1. Roughly how tilted is helix 164-177, in degrees to the nearest 10 and between 0 and 90, from the longest Cα axis of the chain?
2. When N is the residue count of the stretch 1-146, what does its C-alpha Rg come to as a fraction of 2.2 N^0.38 Å?
3. What Rg and what Dmax come out for the chain when only alpha-carbon atoms are used, in angstroms?
4. Pick from 237, 108, 81: which residue has the top mean-square fluctuation in a GNM of the chain where Cα pairs under 10 Å get a spring?
5. Rounded to whole Å and sorted largest first, list the principal axis extents of the Cα atoms in the stretch 225-307.
6. How big is the gap, in Å, between the Cα center of the stretch 34-56 and the Cα center of the stretch 199-217?
7. Please give the peptides 163-171, 201-209 ranked by average Cβ packing (other Cβ atoms within 10 Å per residue), highest first, as a rough proxy for protection.
8. Remind me, relative contact order of the chain in percent, using alpha carbon pairs under 8 angstrom and six or more residues apart?
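Each value in this text was obtained by applying a stated rule to the coordinates, not by laboratory testing. In this text the structure is predicted, and so the values were computed from the model without any measurement. Backbone-built Cβ (ideal geometry, glycine too); neighbour counts: all protein chains shown.
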């Protein structure tokens, strides 16, 4: 295991920010660490990287117990905090030279060139950090986290401030890094997590409420599935409401207008705990009523649906 978190807790005054949590992350895994604001994500990441001392429990990285004074463990970690700390008066290359000197790298020039290329900073390398856009400042922070080629990456909101094209580029960088490193990262962009991660950990009010592969979470949180059906013809909703086990019929589209510009079909979302049975009955209904089904599919819960279900405020 590259990251092992055991019974980790942290108090801020009377508030328990992190409440006795445990999890592990293997080498080669990219794990999304999710939760609403104030759930304990950043606090947990700070304890894993040694920036904060836990009140109870421990975190270990590549076999080394982490604490604020454990330099051996910290050398194995690349950390991009949510509040990306940069020296705005320094040039990009100058800043990376400074970071490489802190790590005591044997070949800093080669390491700097590599991370500049990896993070897409080539065109900005000779500019002052303060002159960069927020997106490029975020890339500089990522480059600083990568420069010493760490075994473990802990990235707190790594795509913050990036435009869609930059997000796609950083997503590919994280995917490549995840092939031989351990990556734990948080993001509020759930589509990014869904695109990169097979596994997610969700924390809410300091406690872990889910830790599983995304496919398993989708199955376990799919008590009410949605069956999407589109007909070539106009179909009245009450015809579908008679289908067994259907609890709700929502009309998505219906016939409008007349003549060549009109749309003659209709689409529906049907909710049921037994989607396969509903699909079978829809096929039977279409044959019986001489209807043509254009499309028929089951819609599984997205990560956004799962997140809302597990972290909704009571």
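1. With both axes taken from Cα atoms, the answer is about 70 degrees.
2. Compared with the compact-globule rule of thumb, the stretch 1-146 sits at 1.15.
3. That works out to 25.0, 77 Å for Rg and Dmax.
4. Maximum fluctuation in the GNM of the chain, among the listed residues, is at 237.
5. 44, 30, 18
6. The two parts, judged by their Cα centres, are 15 Å apart.
7. 201-209, 163-171
8. 18 percent
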